[in-house]
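The block underneath contains the structure these notes are about, expressed in structure tokens.
Laboratory data are not the source of any read-out in this text; all were calculated from the coordinates shown. Small disclaimer: the values here were computed from a predicted structure and weren't measured. Backbone-built Cβ (ideal geometry, glycine too); neighbour counts: all protein chains shown.
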Amino acid sequence: MTVRLQRIAASAVRTAARGSTHAARPTAAAATRVSAPATSPRSRTTSYRPAFTRPSRLFSTSRSTRQAEPLNQELEFPEVERVQDECDVCIVGGGPAGLSAAIQLAKLAKEKGEEVRIVVLEKGAEVGAHILSGAVIETRALDELIPDWKEKGAPLNQPALSDSMRWLTPTGSFPMPHPPQMANKGNYIISLSKLSRWLAEQAEELGVEIYPGFAGAKLLYTEDGSAIRGVQTNDIGLDKNFQPKDSFEPGMEFLAKVTLLAEGCHGSLSKQAQAKFGLREGKDPQTYGLGIKEVWKVKPEKHQPGKVQHTLGWPLDNSTYGGTWLYHMEDEMVSLGIVVGLDYKNPYISPFRELQRLKHHPLFADLLEGGECIAYGARALNEGGLQSIPKLTFPGGAIIGDSAGFLNVPKIKGTHTSMKSGMLAAEAAFTAIESSRAAESESEAERDPLTAPGLDVSSYQSAFESSWIHKELKEVRNLRPSFHSKLGNWGGLIYSGIDSLLLKGRVPWTFHHPEEDYQATKPAKDFKPIDYPAPDGKLSFDILTSVSRTGTNHAEDQPVHLHIDASKRAAHVQKNVEEYAGLLGRVCPAAVYEYVDAEGDTKPDAVGKKLVINSQNCIHCKASPYSATSRLEDYADVSASSAFDSLPFRHSLLQTCSIKVPTQDITWMVPEGGGGPAYEMT
Ligand SMILES: Cc1cc2nc3c(=O)[nH]c(=O)nc-3n(C[C@H](O)[C@H](O)[C@H](O)COP(=O)(O)OP(=O)(O)OC[C@H]3O[C@@H](n4cnc5c(N)ncnc54)[C@H](O)[C@@H]3O)c2cc1C
Ligand code: SF4
């Protein structure tokens, strides 16, 4: 593919920037909003991206509406012109980490009287649309970022008032000692999706430009590949065969002095950066859990605002790590869900169906009876802890928030640490920008943003190491990996109890995560199928009804964003069906994958089955599509050279398959910006 750069537009932007005016680029007032903009940032350069319009087709309700056919990986893409825009800091991801970074930067700039252009790209149609969390949050980072958040109307309305931890049996439960790190005094029960929207408003007021509906699809490298110089957004208006439609608009290039990757757990560009710059060397593999959540409106007499309840035990078996939560929010709503460690062994486990059967347990059923399920969703979370955090910086940028993996697993909290990491990275970025401006004016040599490498923000790494995030994660570093020991889950539980209550991490040893989650999966022959009860439509639901509660949509005629290479398809079906009993069909919380009997004229892929991928159902939980590090390494030598840029435009696909699938052969690309779930209260 040849990309002809639009230097005229870029130089116009550059000129404007040097003249200390934003006239040639989108102003905060004109372009930033918390939902997809009517005009895009490119509107100030050469062309307009149409406003995001919601397609009429929401999600697949039939069993095989859209099959992912093998794609011709060699498709040549026609020559395209890419609009370029120049900013000081480009932040990919409008979640708590990205928005905290943006706010902290804007505050610093204001304090020091500097003009710093900050752009936030968000793949959801609105800020918050792809955010799902528990969530009970600690306000430590928020207190530092916006001390007067109460006066400013932050949506933290329900303090956590009581805590309990219970062990569930199939029909009953008994209290367990409450681990001190799970105490929630002073915390708030919130919707993180709502908090993110509010943070976006605060950022906008400080002049930050936020572009919802824009997915960061590719990192831009300097010619010699040694540093990052910005981000390319994804192309829109391609048909399902990757051919441009009339509405085609090539992705745009944001050239940035500093690029911050804030994509949340298992982020795609973050994975690219980790592979390219070897950021995971010497680190443990990242491990994950999958959280499946519902929000219910319950009867007023059953609602206990501020109640926080966690459970261990049933419905998960004793060799599966995980637990459940139940938080009484404001307005007679409760958030409930299950987290299943994705290092589970039994391929018959369906995290979705575990949640459905959980709700029939008396502890949940009594509360939910007579209530209404109003939202559903799922999202992967990091479980690796301190040992799995990669090196945080690379030439030209840094990784922040869950993309790096700052979640405190025993607390099941990562919002405060993600926000703080964004703030630390912002401080490093601001210092680097100030120094570079000083150096530029001293030498009178102008920096050429088209070619110049991004700045060095490595002081963020040391700031993290001396921050309270590091201290907090160090203390709990051994808890989750203790479950990998020979003593299994019981051993882990006992060790965790002793460490939490007495040792508090003050030991000379550090346990490690031995393998990637997919490697933990055992063949189906070692297990019996799990007999999940049929949904009753009152407390428990089928998966498509649940997906309908996510508001998920993907534009119809766009490239299928989940693929299996044609040459690998038969082997995939054979191994996954014969050896793992069709695991993908169970791990996915949105019924994207099905191995159906090949009937009539349908040609089987293998063993009489055809793999159907209902990609438009995908709720971006990231449990399956993104790569395991090992697969990305396949690309490391390519991405280290300029050949990286000459890959077909689907470079965004470098996240190849899958936390859990044993064959590691699913490829995922960022769908058109704005597609995916439309979460409102998760
Ligand atoms: C089930 C569950 C329960 C949890 N419970 C709690 C809790 O009770 N308390 C707590 O503190 N924490 C909890 N967490 C963790 C908490 O949600 C995360 O730590 C926090 O959301 C991380 O913030 P982030 O900004 O790093 O990532 P995210 O919140 O995931 O935000 C990332 C944003 O980036 C966007 N994005 C991703 N890729 C791209 C791209 N390529 N281009 C453009 N945009 C992109 C996404 O759409 C999203 O808006 C929970 C997590 C889960 C999954
Ligand atoms: S396809 Fe993958 S990312 Fe999408 S919902 Fe299913 S498991 Fe999650």
*asked:* Quick check on the exposure proxy: order D542, D536, D343 from fewest to most C-beta atoms within 10 angstrom.
replied: D536, D542, D343
*asked:* Give me the dipole magnitude in Debye, nearest 20, for the range 136-203 about the Cα centre, with unit charges on the beta carbon: positive for Lys and Arg, negative for Asp and Glu.
replied: 220 debye
*Charge tally in the Cβ shell below 13 Å around N408, where Lys, Arg are +1 and Asp, Glu are -1, N408 excluded*: +3
_Considering just Cα atoms, how many Å³ per residue does the convex hull of the range 448-591 enclose?_
293 Å³
_Simple label model, 7 Å out from Cα along Cβ direction - D597 to W490, nm_ = 4.3 nm
_Listed residues Y460, A426, P351: farthest to the positive end of the dipole of the range 333-465 (Cβ charges)_ = P351
_Expected-Rg normalisation [2.2 N^0.38 Å, Cα atoms] applied to the range 288-405_ = 1.26
*Sequence of S459, S418, S443 once ranked by neighbouring C-beta atoms within 10 Å, starting from the fewest*: S443, S459, S418
*Neighbouring Cβ atoms within 10 Å as the yardstick, rank M176, M419 fewest first.*
M176, M419
*Arrange the peptides 587-593, 410-416 so that the one whose residues have, on average, the most other Cβ atoms within 10 Å appears first.*
587-593, 410-416
*What net charge is computed for the residues neighbouring G488, neighbours being all others with C-beta under 14 Å from the C-beta of G488, Lys and Arg scored +1, Asp and Glu -1?*
+2
*Work out the FRET efficiency for S164 and E144 from their Cβ-Cβ distance, taking R0 = 45 Å, and round it to the nearest 0.05.*
0.90
*Jot down the per residue volume, in cubic angstrom and as a whole number, of the convex hull over the alpha-carbon atoms of the range 109-252.*
252 Å³
*asked:* Quick check on the range 449-522: take the gyration tensor over C-alpha atoms, sort the square-rooted eigenvalues as a ≥ b ≥ c, and tell me if it's rounded (a/c under 1.5), prolate or oblate.
replied: oblate
*Give, in nm to one decimal, the length gained when the segment between A570 and L503 is fully stretched (0.36 nm per residue of separation minus the Cα-Cα distance).*
19.0 nm
*asked:* If packing is taken as the average number of other Cβ atoms within 10 Å across a peptide's residues, how do 94-103, 294-303, 372-381 rank, most packed first?
replied: 94-103, 372-381, 294-303
*Ordered by packing density, taken as the mean number of other Cβ atoms within 10 Å over each peptide's residues, highest first, how do 607-619, 155-167, 486-498, 220-232 rank?*
607-619, 220-232, 155-167, 486-498
